[in-house]
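These notes concern the structure reproduced below.
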Amino acid sequence: PSHSRHRVTAADLEASQRLPPALAGQLIVFETLSALAYAFVLRGHMPQAETLAGVSFTESSFFPIPPDVLLAPMTLARPERWWRLAALTTVTSVLGGLLGYLIGFVAIEAVTPMLRRVGYWGHFQTAHAWFERYGFWAIFAAGFTPIPYKVFTIAAGAAHMALLPFTLGSLVGRGARY
């Protein structure tokens with residue numbers, strides 16, 4: 001069967017130029033990786049659960065690619081495994097979030113230049129303010145905002161948010177997302 005591939009068009013590029021540069025770049029990378037993941041699935045090459053777990057863990061603290069690019073095609077290929085894949089993604093995302101929390105807690109001064117360089121500084125400041133104001137609800141909402149979860153995890157650590165509400169909010173929020 002023939003499957004159409006989405007190619008990046010002039011309209012896509014024009015639309016991406018209206019977005020903040022960091023977000024536009026992430027959307028193009030996300031779309032490209034999604035297309036590659038679907039192509040592998042269509043050819044019968046399934047990413048392993050360990051790969052999904054690794055991407056989910058690292059994305060929560062520093063890696064720029066969300067696990068959705070693997071989770072979606074893996075779930076479509078094996079719908080009977082959706083809950084297991086969602087649980088794996090949730091747990092490893094929360095564990096990676098704890099690493100992000102630790103980074104923010106002990107090394108915020110060291111990572112601040114990187115947050116500025118990749119265009120996340122404004123998001124970081126927003127997330128930090130939300131933690132001071134909303135606590136648990138900020139981390140719960142993190143899975144549903146355009147601000148990358150890794151920014152929330154680092155900001156939670158920098159804000160010295162209590163670890164138990166951070167972990168519970170992450171479990172519920174990330175679990176609802178996946």
Notebook entry, point to check: Within segment 64-83, can you find the residues that are open to solvent by 50 Å² or more (accessible area, probe 1.4 Å) and touching a residue at least 24 places away in the same chain (Cβ under 8 Å)?
Noted result: Pro64, Leu76, Arg78
Next item on the list: Just one of (1) under 18 Å from the mean Cα position of the chain (by Cα); (2) assigned to a helix (DSSP H, G or I); (3) modelled with pLDDT under 90 trips up Gly100, so point out which.
Entry: (3)
Margin query: Given the criterion open to solvent by less than 30 Å² (accessible area, probe 1.4 Å), among the polar types (S, T, N, Q) and within 17 Å of the chain's Cα centre (by Cα), identify the matching residue among Thr145, Thr112, Thr92.
Written below: Thr92
Notebook entry, point to check: Going by the conditions given, is Arg133 open to solvent by 50 Å² or more (accessible area, probe 1.4 Å), within 19 Å of Gly173 (Cβ to Cβ) and in a helix (DSSP H, G or I)?
Noted result: yes
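For every residue, the table says whether it meets (1) of a type in the set (Gly, Ala, Ser); (2) under 19 Å from Phe57 (Cβ atoms).
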| residue | (1), (2) |
| --- | --- |
| Pro113 | no, no |
| Arg116 | no, no |
| Arg133 | no, no |
| Val151 | no, yes |
| His160 | no, no |
| Gly169 | yes, yes |
| Arg174 | no, yes |
| Arg177 | no, yes |
Checklist line | Options Ala158, Ala176, Ala138; residue that is open to solvent by 30 Å² or more (accessible area, probe 1.4 Å), aliphatic (A, V, I, L, M) and out of contact with any Asp or Glu (no Cβ under 6 Å at 6 or more places or on another chain) | finding: Ala176
Check: Scanning for something in contact with a Pro (Cβ under 8 Å, 6 or more places away or on another chain), part of a helix (DSSP H, G or I) and either at pLDDT 90 or above or hydroxyl-bearing (Ser, Thr, Tyr) (or both), does segment 160-177 turn up at least one residue?
Finding: no
Note to self: I'd like the full set of residues that are open to solvent by less than 50 Å² (accessible area, probe 1.4 Å) and not small (Gly, Ala, Ser), limited to segment 115-125.
What the structure shows: Leu115, Tyr120, Phe124
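The values are calculated or read from the model by the stated rules, or taken from the named source; none is laboratory data. From a predicted model like this one, the values you see are computed outputs, not experimental measurements. Reconstructed Cβ throughout: ideal geometry from the backbone, glycine too, with neighbour counts over all protein chains shown. Surface accessibility is based on the protein's heavy atoms, side chains included, excluding ligands, DNA and RNA. Shrake-Rupley method; radii C 1.70, N 1.55, O 1.52, S 1.80 Å.
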